[in-house]
Structures are given as C-alpha cells and as structure tokens.
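Have a look at the structure below, then the notes.
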Protein chains: 2
Amino acid sequence: MKLDNQLKILIVGLGLMGGSYAQGLSRRGFHVKAIDTNPDSISFAEENGYIEKGFCEIDENAVGEADIIVFALYPHVFVKWIEDNQHLFKPGAVLTDVTGVKECVVYKIQEMLRPDVEFIAAHPMAGREVYGVKNADESIFRDANYIIVPTDRNTVNAIEVCKAIGQTLEFNRISSLPPRAHDEMIGFVSQLTHCIAICLMTCSKSEHLVDYTGDSFRDLTRIARINEDMWSELFELNKTALLAQMDKFRAEFNEFYRILESDDIEAMKEKMRQSTARRALFDKKKEDE
Amino acid sequence: MKLDNQLKILIVGLGLMGGSYAQGLSRRGFHVKAIDTNPDSISFAEENGYIEKGFCEIDENAVGEADIIVFALYPHVFVKWIEDNQHLFKPGAVLTDVTGVKECVVYKIQEMLRPDVEFIAAHPMAGREVYGVKNADESIFRDANYIIVPTDRNTVNAIEVCKAIGQTLEFNRISSLPPRAHDEMIGFVSQLTHCIAICLMTCSKSEHLVDYTGDSFRDLTRIARINEDMWSELFELNKTALLAQMDKFRAEFNEFYRILESDDIEAMKEKMRQSTARRALFDKKKEDE
C-alpha cells in the first residue's frame, strides 16, 4: 500500500489529536471520515471541513471501507474497541494510533488481531494544554517528533505507510524505537517532567507566590495544567518505566540535597557544570536544525 | 532625596545586571559611572554609552561624589567591599544592591554601616542564561519583578528612592518583602526550580535523548545552563531556606510516587486537578495584567 489521496482514512476518536490528524489530512486532499461518541465533535469537524462525514456510532460501512484507521482514543477504550469491532475491518487495512504508551497496548493488540490486517504503533509527540476537536491545530506537528514503534511482527509495508503519515503531516523529525525503549524514553522526557511540574504546584500553598514567579517557575509549571483522566491512565499504564525514572531523579535530587547540606561547594559546581554542558548540547542541536 | 537626573549614580560591578542598570539609567539621562576590575567591561560600557566614565580601581572621587551606589557584585565580595571602603561614601548617600539572597547580607551591612549613609536592599528578579556586560539588556526588566527588601532600620526616604529606581527601569511589578520572607520565596520560586532543572540534566545520561525531547523537557531544563560560581554561592547563602523548600518538594514527590506505586488513581487525579487549578490561577493573573 502506498499512501495516496485515493485511500480512505478513518479517524476513531475526535479529540485534540484525532481532530488535528483529520484537519491535516483533509487539507492535503485525503478522504477522511471519523467516529466519535460526541455529536458536537462530529458536527464541528464536518462544518470545518476536517472530515467528509462523521458518525456517533460505529458505522459498519465506514469501518469496512477504510484502508487506514487512526485510533486516537484513551488506551483502555482503544484495545476494547478493536476487540469488539475487528470483524468489520477491510482485509489489508493498516491500523495505527497516537497513544502515548506502547508496551502495554502494542503486543496485546497484535496478539489478538486478525491476521489479514496490521497494527503499526505511532506516537506523535505533540500536544497542547487545551483539548477537544475545537482546539485541533495541525500546526502543532511542525515542531514535533513522530515516533514509529514497530515490533518483530510488523511488515516493511506497514512501517512505510506509518512513516508516510508522519511525513504528510510534516512532523519535524521522524524516528523509530522499539516499544520498551519508547516507554522508557517517554517516562523520562515527558512523564517525569509532568510529575515534577505537578509536585511543584501541589507541594506549597503557592497562591500568594503568584506575584513573585519569574520565568523559571512559569517554565517549570506550564505543563502542570493537565487532563487528569488521560494522564492518570498514561502514568498507570507506564508505571514500571515511570517509577524507574522517578527513582533515578529522586536519587539525584537527594544527592544534590546532601551536597548542599554538607557545603560541598566543589561537588555542587561540578553538577552545575555538567548540567550546563548537557543542556548546551540540546540548544546546539536545535540551532543546527 | 528625590530621584532625578542631577543625582550622580555609581554602579559597582559591571556584569549582566550592573550593565543593564547602567544602560537603562543612562538612556534615561542619568549620570552613571562604574567600577569594575575588568578593563574590557569598562571600555565596552563606555563605548556603548552605558556609563560616562568607568574605573578599574576604586576611584575615591567617583565613590565620594555618588548620591546613589548600586552594588551588583557577588554577595561575599559585596559585603567586604563596603567594609573596606565605607569611609569614602558621601554623607547622605543611598546604597542599594541586586543580590539574590538577602537575610545573610542585609543585616550584616546595616549593622556595620556608617550612620550617615543608608543601605536599602533590592532584588531585581531578572536574568538571562548568558552573562557579562556585553549581554546587558535593560529590556529584561520590562517583564520582571522588582522586590524592595527593607528592614526596621530603613527610612521612608530610602525606600522611596529604591522604589523610584525600579520605576525608572520600568519593572513590571514592584513589591516589598522582609528579608526572611524574601529568601523563603526565592528558595521556592527560583532556587528550587534551578535545583530541579540541574538534577533533570544530571540524573540520566541524556545525550541520546536529544532527538526525542519535546517542549516539556526543554521548558523544564532551560535554566539548567547556570553560572556555577554565582549560583553555588547563592545556594550556600540561602541554604536553610532552600533545604526547607527541597524537603517540601521531595516529600510531595515521594507522596506522588507512593500514589502511583499503589495504583491510587483517585488520589492521582486529585493531585492533577489541584495542580491544574493552581496553575490556571497563574495564567489568569498574567492575562489580567
């Protein structure tokens, strides 16, 4: 299968991410339909040309004709949806997703899936602090990473289709990671940072501090506005990897505490030099792009 | 004393902050001189019109004629400088500073200071990841907080002069806090966040993660590029307050860890709701401005 305008694409779940996929794909001339339980989301997407047609219930024709199905659902709903409806899939269809954790869903789905359809996992590392299809904005992909998460069961064909979706939506960087490595990475760069931001907001009655917060505090807590249903589920599903990253961070934080407590100024400076050098590398990478 | 263009202002220490003060005050027609041990900093500031004249050594005339002296030195150098040179001050002079910690310097200076001059502490909460007078940029004040840190010894007159400097440099918000409250606040909103950013960079061999970092990780580590000489000194000088804030944060982080480990999803959601509500308050405040 080659990704071209003739293919029929179905988006299941029209939230911020599903909506942004629909918007981006429709703008580029693809035939996009969608399923979402919320009639307002469907009519909004239809009225704004994000989709040709949408359905609030599972439409057998729409599912049965789709060459590509993108699942943009909460993880537990997602696995159940496939279990219940996989008899409707078109033979040869390629399924993909936008789920933020992988190990717990990818193998389960590939295990139970009909042999004549293929699931290839993807993680678009994009988001906003707001949600819902009304906030859909495909420009969030332009600066973002798109990670393909294949297993041994995936074919080159499906991986290429998945990659082509990322290219079509103009993600900044497209790469590939196995499920476990993906989840470890996400545990560190995304989930751990969200835990820290939350704890910074909850550890102190900070209302009276609003007047004094500078850029640094605002930077570290921007992501503390969080959709609790989605993120608690993502944290739970990636619990092992996230706890391991939290362990690493708190060991380092405790070490820094000990250094300060014992006035070991040379050790403190060394930590600062190391963090400065590593962070400078990030900025360099960014400038090189 | 009223702050007007006829007053002679001396800046001691022409780094990023002293340089930005000099730049901002000169642009508004004040007579500004400066002392800095580095001849390059002096000639740069002279050539760019940040100061009328500068000195690499302590110039008795420049010190003796100054109505206002702004100290922009590292804390330990600052206290020593006053001890060694206070016989040169003009009677009635007002001294102020830009130091990031207060309790450990303010009382010491006010205790030893000649009775005919007055020290009123100030903390401009502005900065950049770069330093030195060559990076001076008075526009960093426009978005920043300026905190006056008076004690019982300070007169209304000196507090007004200090406030007028903040107004002249067009700080976004000017407020007042006693030394201890200032240091506690700084321990939380600035120093704790820097500790966290440092530990995020040093807790993991993150070089290979550069490819995957999204906005959240970049936000939380922007301030991990840090001047180790200045910050290790500020941390040490505010050790008690900072350790107390670190204790609070790590207790909360450990609690979050426990919640995740025990799958207490309702408690996790409650933390997320709390952090979301508090952070929303910050954004609201910002929008109201």
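Here B:I148 does not qualify as modelled with pLDDT of 95 or more, out of contact with any strand residue (DSSP E or B) (no Cβ under 7 Å at 6 or more places or on another chain), open to solvent by less than 30 Å² (accessible area, probe 1.4 Å) and not in a loop (DSSP other than H, G, I, E, B). Whether a residue is more than 7 Å from chain B (Cβ to nearest Cβ), within 16 Å of B:R222 (Cβ to Cβ), out of contact with any Lys or Arg (no Cβ under 6 Å at 6 or more places or on another chain) and in a helix (DSSP H, G or I) was assessed, and A:D283 passes this test. Of the strands (runs of 3 or more DSSP E) lying entirely inside the range B:1-111, those containing at least 2 residues that are touching a helix residue (DSSP H, G or I) at 6+ places or on another chain (Cβ under 7 Å), open to solvent by less than 20 Å² (accessible area, probe 1.4 Å) and on the phi < 0 side of the Ramachandran plot are B:8-12, B:31-35, B:68-71, B:94-97. The set of residues from the range A:158-193 being within 7 Å of chain B (Cβ to nearest Cβ) and in contact (Cβ under 8 Å) with a residue 24 or more places away in the chain comprises A:R173, A:S175, A:F188, A:S190, A:T193.
With respect to the conditions (1) within 7 Å of chain A (Cβ to nearest Cβ); (2) over 30 Å from A:S175 (Cα atoms), B:L260 lacks only one, and its number is (2).
Can you name every residue in the range A:107-127 that is of a type in the set (A, V, I, L, M), within 14 Å of the chain's Cα centre (by Cα) and at pLDDT 95 or above? Selection gives A:A121, A:A122. Just checking, how many residues over the range B:203-225 are facing chain A (nearest Cβ under 7 Å) and open to solvent by 50 Å² or more (accessible area, probe 1.4 Å)? Residues in the range B:203-225 being facing chain A (nearest Cβ under 7 Å) and open to solvent by 50 Å² or more (accessible area, probe 1.4 Å): 4 in total.
Report whether or not B:D264 is farther than 16 Å from A:L200 by Cβ and either over 17 Å from the mean Cα position of the chain (by Cα) or not polar (S, T, N, Q) (or both).
Considered against the rule, which asks whether it is farther than 16 Å from A:L200 by Cβ and either over 17 Å from the mean Cα position of the chain (by Cα) or not polar (S, T, N, Q) (or both), B:D264 comes out as yes.
Specify the residue that is nearest to A:M125 (Cα to Cα); the eligible residues are those in the range A:238-275 that are touching a Lys or Arg at 6+ places or on another chain (Cβ under 9 Å) and open to solvent by 40 Å² or more (accessible area, probe 1.4 Å). Among those residues, the one meeting the criterion is A:R250. Against the test of being surrounded by fewer than 22 Cβ atoms within 10 Å (Cβ to Cβ), at the interface with chain A (Cβ under 7 Å from one of its Cβ atoms) and modelled with pLDDT of 90 or more, the options B:E233, B:E228 yield a single qualifying residue, B:E228.
Of the residues making up the range B:54-82, those that are free of Cβ contacts under 8 Å to residues at least 40 places away in the same chain, over 20 Å from the mean Cα position of the chain (by Cα) and over 23 Å from B:V161 (Cα atoms) are B:F55, B:C56, B:E57, B:I58, B:D59, B:E60.
The values are calculated or read from the model by the stated rules, or taken from the named source; none is laboratory data. Source: prediction; values computed, not measured. Cβ coordinates were reconstructed from backbone atoms using ideal geometry, including for glycine residues, and neighbour counts include every protein chain displayed. The accessibility values were calculated without ligands, DNA or RNA, using every heavy atom of the protein model including side chains. Shrake-Rupley method; radii C 1.70, N 1.55, O 1.52, S 1.80 Å.
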